[in-house]
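Visitor: Can you read through this structure? Questions will come right after.
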């Protein structure tokens with residue numbers, strides 16, 4: 001069952017959460033994969049102009065994924081939040097929500 005909601009905008013926290021999850025599970029996973037490749041000896045992670053390998057490359061990839069996801073989410077959030085604010089000054093949003101039945105049952 002779908003519900004339709006008309007709203008004047010998306011809350012800033014909700015927008016950031018959506019962006020961070022999207023960046024973490026797309027770009028973040030790619031950077032972690034590069035860290036795994038670095039663990040096995042490929043030159044995929046570079047720190048201060050030098051490739052790193054082994055455990056250092058793996059850990060650097062994981063930390064880089066978190067930092068990049070956070071930074072990209074923040075800058076995208078600033079631009080989208082501004083556009084959202086400007087758009088909702090003139091028109092409301094129509095949002096369609098797909099309801100989930102039996103969410104508590106597993």
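The values are calculated or read from the model by the stated rules, or taken from the named source; none is laboratory data. Bear in mind that the values here come from a model prediction, so they are computed numbers and not experimental data. Because the Cβ atoms are built from the backbone with ideal geometry, glycine has one as well, and the counts that use them run over all protein chains shown.
Visitor: Within segment 67-86, which residues are loosely packed, with under 14 Cβ neighbours inside 10 Å and farther than 16 Å from residue 14 by Cα?
Guide: Scanning segment 67-86 gives 67, 71, 86.
Visitor: Right, here's the next one. Suppose we filter 36, 31, 45 for residues that are surrounded by 15 or more Cβ atoms within 10 Å (Cβ to Cβ), more than 30 Å from residue 98 (Cβ to Cβ), within 13 Å of the chain's Cα centre (by Cα) and at pLDDT below 90; which single one remains? I'd like the intermediate steps shown before the answer.
Guide: Values: 36 fails: within 13 Å of the chain's Cα centre (by Cα); 45 fails: within 13 Å of the chain's Cα centre (by Cα).
On inspection, the qualifying residue turns out to be 31.
Visitor: Something else now. Can you name the residue in segment 1-60 that is in a loop (DSSP other than H, G, I, E, B) and touching a helix residue (DSSP H, G or I) at 6+ places or on another chain (Cβ under 7 Å) and, of all such residues, is nearest to residue 85 (Cα to Cα)? Full working, then the answer.
Guide: We begin by selecting, within segment 1-60, every residue in a loop (DSSP other than H, G, I, E, B); these are 1, 8-11, 26, 40-45, 48-49, 52-53.
Remaining after also requiring touching a helix residue (DSSP H, G or I) at 6+ places or on another chain (Cβ under 7 Å): 8-10, 44-45, 52-53.
Numbers: 8: 9, 9: 7, 10: 9, 44: 39, 45: 38, 52: 43, 53: 45 Å.
In this case the residue turns out to be 9.
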